[in-house]
1. Can you find a residue in region 88-102 that is under 20 Å from Leu41 (Cβ atoms), part of a helix (DSSP H, G or I) and of a type outside the set (A, V, I, L, M)?
2. Specify the residue that is modelled with the lowest pLDDT; the eligible residues are those in region 116-154 that are surrounded by fewer than 18 Cβ atoms within 10 Å (Cβ to Cβ) and of a type in the set (Ser, Thr, Tyr).
3. Given the options Lys85, Lys55, name the one that is surrounded by fewer than 11 Cβ atoms within 10 Å (Cβ to Cβ), closer than 24 Å to Ala20 by Cβ and without any contact (Cβ under 8 Å) to a residue 24 or more places away in the chain.
4. Enumerate the pairs (first residue in region 125-138 and in a loop (DSSP other than H, G, I, E, B); second residue anywhere and surrounded by 12 or more Cβ atoms within 10 Å (Cβ to Cβ) and acidic (Asp, Glu)) with beta-carbon separation below 6 Å, excluding pairs fewer than 6 apart on the same chain, so at least 6 apart or on different chains.
5. Being closer than 21 Å to Gly27 by Cα, open to solvent by less than 30 Å² (accessible area, probe 1.4 Å) and part of a helix (DSSP H, G or I): is that true of Leu113 here?
6. Just give me the residues in region 159-174 being assigned to a helix (DSSP H, G or I), under 18 Å from Asn115 (Cα atoms) and either among the hydrophobic types (A, V, I, L, M, F, W, C) or open to solvent by 80 Å² or more (accessible area, probe 1.4 Å) (or both), in sequence order.
7. Do you know which residues across region 175-199 are out of contact with any helix residue (DSSP H, G or I) (no Cβ under 9 Å at 6 or more places or on another chain), open to solvent by less than 70 Å² (accessible area, probe 1.4 Å) and not in a helix (DSSP H, G or I)?
8. Which residue is farthest from Tyr139 (Cα to Cα), if the candidates are limited to region 24-47 and must be without any contact (Cβ under 8 Å) to a residue 12 or more places away in the chain and not in a loop (DSSP other than H, G, I, E, B)?
Amino acid sequence: IYLVLNHIKDNPEAEYIAGACKHFGQGPAQIRYPEIDPELLVISPHFFAQAPITKKLFTKIGSYHIPKHFFHADWDFWLSVYEKKIKGHIIDEVLYERRRRNDSITWQNIDELDNGLELIIKRHSIFFNSEKRRKNAKYNLYEKLARHYKTLGKRNEATENVKKALQYGESSPAFSTIIKEQEMSYVRYLLRRLGRYIN
């Protein structure tokens, strides 16, 4: 709060303050710094979404868009900020710490993520004004889903998402592994997973 207040004082025209975020839990801690490359917005916000904003900014955007079964309200909000060319102040200092976990609302509703992405693309036609951006967004979603299902040991779901991802981008070693595991006998597949668990 002290850092934020000081930066607001030094940058009174800024409508938001964006900083770095320290992610911890489920592996080594990692600090993620703010990004400025607009192409990265096809995947997620440029910085941790809980950045402090002005009331004026909130009014400009028209608050958060949260229809039923919509899990991208933060990404949707910051896409609107980008499309409206709203200016803020970005720093590299850590403002937040976030615990990684597998039971988030997003992953609890994993079957709705593709519908959520379609809504994002529809709502933000200004940003998703090119086939390349739309393809990159869809490839990223299905690639993540394929990896997620692979981790859970759900071969069929992982393979289906690999097939969807390949409609929008190139193959990868992870995709090759998923397809290879799908073609294995069930017993061999179980032994392979057991070996990984032991290691």
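The values are calculated or read from the model by the stated rules, or taken from the named source; none is laboratory data. Predicted model only: the values in this text are computed from it and were never measured. Counting neighbours? That spans all protein chains shown, and the Cβs are built from the backbone with ideal geometry, glycine included. Heavy atoms of the whole protein, side chains included, go into the accessibility calculation; ligands, DNA and RNA do not. Shrake-Rupley method; radii C 1.70, N 1.55, O 1.52, S 1.80 Å.
1. For region 88-102, residues under 20 Å from Leu41 (Cβ atoms), part of a helix (DSSP H, G or I) and of a type outside the set (A, V, I, L, M): absent.
2. So the residue we want is Thr151.
3. From the options Lys85, Lys55, the qualifying one is Lys85.
4. So the pair list comes out as Ile126/Glu83; Phe127/Glu83.
5. no
6. Glu160, Val162, Lys163, Ala165
7. Ser185
8. If we take residues in region 24-47 being without any contact (Cβ under 8 Å) to a residue 12 or more places away in the chain and not in a loop (DSSP other than H, G, I, E, B), then Gln30 is farthest from Tyr139 (Cα to Cα).
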